[in-house]
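See below for the structure under consideration.
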Amino acid sequence: MFLKETPDRKKQFHYQAWSIIDAAKGVKDSQARFMAIQDLNKDGISLRSLQAPGAYLANIDLKNSNLNEANLSQATLENANLKKANLSYANLSYAKLSTSDFTEANLTFTNLKNANLSNSQMSYANLVCADLSNTNLSGVNLTGASLSGANLTETYLVGANLTDAKVSIYELSNAYLKDAIMPDGSKHD
């Protein structure tokens, strides 16, 4: 009987986790929401359209998560593990994302306007058509990243590593590139 009820208990846990997330709307720092989001992801549950603007989620592990169309604007996700996460069409504007790991993450059409991603790992990330205007990407590793069609207006790429990144010199023309390693391996003055 116990084994037969296991799927129902798991489903009940997932409903409770979503209730905790919903109840924390408007609350900046909620350890219960933090754990609920992380546990749902660990169980392979999609976090699509998650609404957590302004949430404090520093150090969260959301590797392989589906955060498609999520609203994490103004959220704090510093030092977060977002390796291979799907953040396409997500709103991360004004978010604090420094020292986070976005290796191989899907950030297509993502709004990262005015976000701080300084010193983050973004190698092989897909940033096609992402809005990176006024975004702090200083010291970021963008090795092999796809940036075609991304809005890089007034983006800070100071000291960033763009080796083998898929981006044109024209697309980089409105960005701050002091000491950046360019796609061809040369260092920008």
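The values are calculated or read from the model by the stated rules, or taken from the named source; none is laboratory data. This is a predicted model, so every value here is computed, not measured. Positions of Cβ are generated from backbone atoms using ideal geometry, with glycine treated the same way; all protein chains shown enter the neighbour counts.
Matching residues to (1) farther than 23 Å from GLN38 by Cβ; (2) of a type in the set (D, E, K, R); (3) in contact with a strand residue (DSSP E or B) (Cβ under 6 Å, 6 or more places away or on another chain); (4) buried (at least 19 other Cβ atoms within 10 Å of the Cβ):
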| position | (1), (2), (3), (4) |
| --- | --- |
| LYS84 | no, yes, no, no |
| LEU117 | no, no, no, yes |
| GLN121 | no, no, yes, yes |
| GLY144 | yes, no, no, no |
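Quick one: is SER65 surrounded by fewer than 15 Cβ atoms within 10 Å (Cβ to Cβ) and either within 30 Å of THR143 (Cβ to Cβ) or modelled with pLDDT of 95 or more (or both)?
On the way: surrounded by fewer than 15 Cβ atoms within 10 Å (Cβ to Cβ): no; either within 30 Å of THR143 (Cβ to Cβ) or modelled with pLDDT of 95 or more (or both): yes.
So SER65 does not fit the description; no.
Just one of the listed residues (GLY139, GLY185, GLY149) is closer than 21 Å to THR99 by Cβ and over 15 Å from the mean Cα position of the chain (by Cα), namely GLY139. Within the range 43-50, identify whether any single residue is free of Cβ contacts under 8 Å to residues at least 40 places away in the same chain, more than 23 Å from ALA115 (Cα to Cα) and either among the polar types (S, T, N, Q) or touching a Lys or Arg at 6+ places or on another chain (Cβ under 6 Å) (or both), and answer yes or no. Within the range 43-50 (the criterion being free of Cβ contacts under 8 Å to residues at least 40 places away in the same chain, more than 23 Å from ALA115 (Cα to Cα) and either among the polar types (S, T, N, Q) or touching a Lys or Arg at 6+ places or on another chain (Cβ under 6 Å) (or both)), the answer is yes, since at least one residue qualifies.
Residues of the range 114-131 that are under 25 Å from SER49 (Cβ atoms), over 12 Å from the mean Cα position of the chain (by Cα) and of a type outside the set (Val, Ile, Thr): ASN114, CYS129, ASP131.
I'd like to know if the range 46-56 contains one or more residues that are over 30 Å from MET182 (Cα atoms) and part of a strand (DSSP E or B). Yes, the range 46-56 contains a residue that is over 30 Å from MET182 (Cα atoms) and part of a strand (DSSP E or B). Considering each residue of the range 84-132, count those that are assigned to a strand (DSSP E or B) and within 16 Å of ASN151 (Cβ to Cβ), and give that number. The number of residues fulfilling the criteria is 4.
Restricting attention to the range 19-45 and to residues that are part of a loop (DSSP other than H, G, I, E, B) and of a type in the set (A, V, I, L, M), the residue that is surrounded by the fewest Cβ atoms within 10 Å (Cβ to Cβ) turns out to be VAL27. In the set GLN16, GLN51, only one residue is surrounded by fewer than 16 Cβ atoms within 10 Å (Cβ to Cβ), within 18 Å of the chain's Cα centre (by Cα) and at negative phi; that residue is GLN51. Cβ-Cβ contacts under 6 Å between residues 6 or more apart (or on different chains), taken from a first residue in the range 151-178 that is within 15 Å of LEU127 (Cα to Cα) to a second residue that is basic (Lys, Arg) and surrounded by fewer than 20 Cβ atoms within 10 Å (Cβ to Cβ), are absent.
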